[in-house]
Amino acid sequence: MPDHGPQSVAVVTGGAGAIGGAIAARLASTHTVVVLDRTGDVVVDLGDADDVRRAARLVLERHGRCDVLVHAAAMPAIGPFDELELDRWREVQAVNVESALLLTQAFAPGMRDRGFGRVIFIVSNTFWSPPGAHMLAYIASKGALIGMARALAVGLGSEGDLGDRRRAGPHAYPRHSRHPGSRVRRC
């Protein structure tokens, strides 16, 4: 029988942002919510693999478990395609993809042992309807998360339904309104 008690622990990356913050607020009534962010409950640089591993260890030391992982953090890196530097590309992938991998690796074994867990990656409608090459690094990172979620659903899904993904499109945040080609729509 799955172990859901005493209270489920939900880890939310990007919980200081609009999407992650809304998710954290929604989960707070039924979970102990731990926000991993630059200003979160556990301060972390999601672009630094060692720091992400440290943050995961700290969550497990403080709370003993993670029942729900919501990876909502995202670095957009919007700019002209021909000016996209490889270092910037790698930084986006580290924050948006590699931190999701490292946190899933840290928390999935406990979920498997308890017979219950959720791993949710917040992806983007821009993957299916790209607004342009000015968002290449971001869109590619969200595509990688979609692939990861699909693979995890196959690899871990039979062990407690651990893999999932959710789509979120561009939202009416000030950063989107100043970029050419961006479309604002509700999801």
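Within region 119-159, which residues are under 23 Å from residue 108 (Cα atoms), small (Gly, Ala, Ser), surrounded by 18 or more Cβ atoms within 10 Å (Cβ to Cβ) and at pLDDT below 95?
Quick first cut of region 119-159, residues under 23 Å from residue 108 (Cα atoms) only: 119-123, 141-159.
From the residues that got through so far, the ones that are small (Gly, Ala, Ser) too are 141, 143-144, 147, 149, 151, 153, 155, 157-158.
Subsequent filtering for residues that are surrounded by 18 or more Cβ atoms within 10 Å (Cβ to Cβ) retains 141, 144, 149.
Within region 119-159, just 149 meets the criteria.
Can you pull out every residue in region 104-152 that is among the polar types (S, T, N, Q) and in a helix (DSSP H, G or I)?
Applying the first criterion (among the polar types (S, T, N, Q)) to region 104-152 yields 104-105, 124-126, 129, 141.
Once the filter is applied, which keeps residues that are among the polar types (S, T, N, Q) and in a helix (DSSP H, G or I), region 104-152 yields 104, 105, 125, 126, 141.
Could you grab the pairs with beta carbons closer than 7 Å, sequence gap of 6+ or different chains, first residue in region 79-100 and within 15 Å of residue 143 (Cα to Cα), second one of a type in the set (Phe, Trp, Tyr) and buried (at least 19 other Cβ atoms within 10 Å of the Cβ)?
Listed by first residue and then by second, the contacts come to 92/138; 100/121.
Scanning region 8-41 for residues that are of a type in the set (Ser, Thr, Tyr) and touching a helix residue (DSSP H, G or I) at 6+ places or on another chain (Cβ under 7 Å), which turns out farthest from residue 107 (Cα to Cα)? Even if it seems obvious, please write down each step before you answer.
Let us first name the residues in region 8-41 that are of a type in the set (Ser, Thr, Tyr), namely 8, 13, 29-30, 32, 39.
With touching a helix residue (DSSP H, G or I) at 6+ places or on another chain (Cβ under 7 Å) added as a condition, the list becomes 13, 32.
Details: 13: 13, 32: 15 Å.
The residue in question is 32.
Do you know which residues across region 34-61 are of a type in the set (A, V, I, L, M, F, W, C) and either assigned to a helix (DSSP H, G or I) or at pLDDT below 95 (or both)? Spell out the reasoning first.
From region 34-61, those of a type in the set (A, V, I, L, M, F, W, C) are 34-36, 42-44, 46, 49, 52, 55-56, 58-60; that's our starting set.
Within region 34-61, 49, 52, 55, 56, 58, 59, 60 qualify.
Testing residue 85 on (1) within 26 Å of residue 135 (Cβ to Cβ); (2) surrounded by 15 or more Cβ atoms within 10 Å (Cβ to Cβ), one condition comes back false. Which one is that?
Condition not satisfied by residue 85: (2).
Against the conditions (1) farther than 16 Å from residue 99 by Cα; (2) in contact with a Ser or Thr (Cβ under 7 Å, 6 or more places away or on another chain); (3) at pLDDT below 95, where does residue 6 fall short? Just the number, please.
Tallying (1) farther than 16 Å from residue 99 by Cα; (2) in contact with a Ser or Thr (Cβ under 7 Å, 6 or more places away or on another chain); (3) at pLDDT below 95, residue 6 fails exactly one: (2).
Yes/no per residue for (1) among the small types (Gly, Ala, Ser); (2) at pLDDT 95 or above; (3) within 30 Å of residue 134 (Cβ to Cβ):
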position: 15; (1), (2), (3): yes, no, yes
position: 66; (1), (2), (3): no, yes, no
position: 94; (1), (2), (3): yes, yes, yes
position: 98; (1), (2), (3): no, yes, yes
position: 101; (1), (2), (3): no, yes, yes
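The values are calculated or read from the model by the stated rules, or taken from the named source; none is laboratory data. The structure displayed is predicted, hence computed values, not measured ones. Backbone-built Cβ (ideal geometry, glycine too); neighbour counts: all protein chains shown.
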